[in-house]
Amino acid sequence: MRIRRVVTTREGGASEPPYASFNLGDHVGDAPAAVAANRTRLAGELGLPADRLVWMEQVHGRTVGVVDGPVAGPVEATDALVTAEPGLALVVLVADCVPVLLADPEAGVVGAVHAGRVGARVGVVPAALAAMVEAGADVRRVEVLLGPSVCGDCYEVPQDMQTDVERHLPGSACRTRKGTPGIDLRAGLWRQLADAGVARIGLDPRCTNEEPTLFSHRREGTTGRLAAVTWVEPERGPVS
């Protein structure tokens, strides 16, 4: 089965500053009409009906929602989605956190995860992997994309916070560009996935804090959200 993955930028939308312009988050103070227009455009660009995009009410936890059809409104209080339904696109919104897109192409099971510092620390990615296995995936076949996020060079934290996250997410501790304690969430998640048996892990190296075409809460404070989207492309029947 063909797996599709898309990561948006901040360009080409209807939102005004400080959300300019392709903000897809409806919880950040942007004009609802602008967000709705941006979401409609996203669906059109993906070639999917708008109701085939599934959104989350992200809360920095480890709850996983398993969906098998369109959902009215966001899936409440969840930070990961899993589906085996072709043509149902799972959306994660970020502005420094790590968007994690997972797929078992053979089983036709995909997952989308919002992995910020808190969610990564409490194990949202392993929870999503477990839900995928429950839906028919095999960890040995799973492919993962770690999307753009704040990098370890930029993610400065207090020493006690770094120590705590490293205890729960080994491999995440680092030094920032300034030589201060930092966290590299993608490095920690890479190790966590590899330890779980995932062999195919891709990385989008862009740092949201450094790349002006991406939204960054750390850089801007009030800002929009980019989307990472994944879905199983429905198989087309034979041409008659």
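The values are calculated or read from the model by the stated rules, or taken from the named source; none is laboratory data. What you are looking at is a predicted structure, and each value in this text was computed from that prediction instead of being measured. Backbone-built Cβ (ideal geometry, glycine too); neighbour counts: all protein chains shown.
Per-structure values
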{"item": "Residue list for segment 29-47, restricted to those being in a loop (DSSP other than H, G, I, E, B) and in contact with a strand residue (DSSP E or B) (Cβ under 9 Å, 6 or more places away or on another chain)", "result": "none"}
{"item": "Extreme residue, farthest from the chain's Cα centre (by Cα), among residues of segment 21-38 that are of a type in the set (Gly, Ala, Ser) and closer than 26 Å to Leu146 by Cβ", "result": "Ser21"}
{"item": "Within segment 138-240, strands (runs of 3 or more DSSP E) holding 1 or more residues that are under 14 Å from the mean Cα position of the chain (by Cα)", "result": "143-146, 200-203, 226-232"}
{"item": "Among residues of segment 75-111, those that are farther than 19 Å from Val139 by Cα and part of a loop (DSSP other than H, G, I, E, B), counted", "result": "10"}
{"item": "Residue in segment 206-227 that is in contact with a strand residue (DSSP E or B) (Cβ under 8 Å, 6 or more places away or on another chain), loosely packed, with under 14 Cβ neighbours inside 10 Å and modelled with pLDDT of 95 or more present", "result": "no"}
{"item": "Candidate set from segment 110-130 (those that are free of Cβ contacts under 8 Å to residues at least 60 places away in the same chain and buried (at least 21 other Cβ atoms within 10 Å of the Cβ)); member that is farthest from Asp68 (Cα to Cα)", "result": "Arg121"}
{"item": "Failed item, numbered, when Val133 is tested on (1) hydrophobic (A, V, I, L, M, F, W, C); (2) crowded, with 22+ Cβ neighbours inside 10 Å; (3) outside any loop (DSSP other than H, G, I, E, B)", "result": "(2)"}
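Each row is one residue, and each column tells you yes or no for (1) hydroxyl-bearing (Ser, Thr, Tyr); (2) without any contact (Cβ under 8 Å) to a residue 24 or more places away in the chain; (3) within 30 Å of Glu220 (Cβ to Cβ).
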residue	(1), (2), (3)
Asp51	no, yes, no
Gln58	no, no, yes
Gly73	no, yes, yes
Ala107	no, no, no
Ala135	no, no, no
Val144	no, no, yes
